[in-house]
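Below is one structure; the comments refer to it alone.
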Amino acid sequence: MVKKAVIPAAGYGTRFLPATKSSPKEMIPIIDTPVIQYVVEEAVASGITDILMIIGKGKRAIEEHFDRSPLLEETLAQKNNTEMLAKIRAISDMANIHFVWQKEMNGLGDAILHAKHHVGNEPFVILLGDTLVQGEDGPVTKQLIDVYNKYKGSVVALEEVKPELVSRYGIVDGNAVSDKVIKAKNWIEKPSIEEAPSNLAVASRYLFTPEIFDYLEKTLPGKNNEIQLTDAMREMVKYHPMYGLKFNGKRYDIGDKMGFLKTNIEFGLNDPELRNELIDWLKEFVEDL
Ligand code: G1P
């Protein structure tokens, strides 16, 4: 049973400055809900009951968001706004959420290593706190758990990207074992087009067996002089089975300006309360361009 999730949310969010100067990029809202809340909801919908967030300086708003808000709850109760009261309470009741501080920005691998003590000796999932993935057949984290239950090895969500974009991602080298599942032979962080063994990119959701921590402990700084999770995966795959899942669904990168705009529009179009008005406005607006 996979019960624990780790959500790294310590990065600076430099692609989204100045919005991220004093507020965490993970708190950027899509419509009316911060990105990280959707991420936690995905974990919970996948059966996760225990979440560890790795946070850094300037990230206190995340803690506040998942804490109880007695004064706000009292005000909503007085106003008989029961619907919002239930929504607000649900945020702090979703799961057991814990926090650990990454004091220096030493990369994603170092952030994950901070979870070692909390995770202990069990398989766990990682959801990057600034990226949404929407599964067509259930949450993507749940899709990873299903693959783990079948193949009994670590599993990483993979997405096909255009060849010119491989240098932005971790890329897998492997062989297909089914329509959707790849047995990994190697992982390469941000390769050039020439170096890339495929165009299947690591897409911000991972499930690891606990041995990943042994490899992270031995990993030296790599790309950008940071401890890269992909480098630890590269060593681990030599000794432990690792798989990639070409998940059914879509990934939204919120740390990117265009990604943020598109996601808000798509989520607006999927919201029954906003959909019709938004379509009318978009049509009118585009015609006038
Ligand atoms: C990180 C990982 C990379 C992965 C990407 C998207 O990169 O290092 O392997 O493909 O997330 O999940 P970053 O976006 O932090 O540069």
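Tabulated results
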item: Cross-link partners of residue 150 among lysines (Cα-Cα below 24 Å; sequence separation of 8 or more within a chain); result: 3, 4, 142, 180, 183, 185, 238, 246, 250
item: Ranking of 219, 82, 141 by count of other Cβ atoms within 10 Å, fewest first; result: 82, 219, 141
item: Two-site label geometry, residue 150 and residue 64: point separation in nm, points 7 Å out along Cα→Cβ; result: 4.5
item: Gained length - residue 106 relative to residue 49, 0.36 nm times residue gap less alpha-carbon distance; result: 17.7 nm
item: Residues of type aspartates and glutamates that residue 87 reaches as a straight line, Cα spacing below 14 Å, ignoring anything fewer than 8 places off in the same chain; result: 32, 41, 67, 73, 74
item: Zone residues, the range 112-129, relative to residue 235, backbone N less than 18 Å from point 7 Å out along Cα-to-Cβ; result: 112-117
item: Partners for residue 21 among lysines (Cα-Cα distance below 25 Å; same-chain residues under 8 apart left out); result: 57, 59, 103, 223, 257, 262
item: Loop chymotrypsin sites (Phe, Trp or Tyr not before Pro), the range 179-241 (other Cβ atoms within 10 Å of the site Cβ: 15 or fewer; DSSP); result: 239
item: DSSP-defined antiparallel bridges as percent of all bridges, the chain, nearest 5; result: 55
item: Residue-span extension gain [residue 93 to residue 177] - 0.36 nm each, minus C-alpha spacing; result: 26.3 nm
item: Top of 105, 94, 84 by mean-square fluctuation, Gaussian network on the chain, Cα under 10 Å; result: 84
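Values quoted throughout were computed directly from the atomic coordinates according to the rules given, and no laboratory measurement underlies them. All values reported here derive from a predicted model rather than from experimental measurement. Note that we place each Cβ from the backbone using ideal geometry, even for glycine, and neighbour counts take in every protein chain shown.
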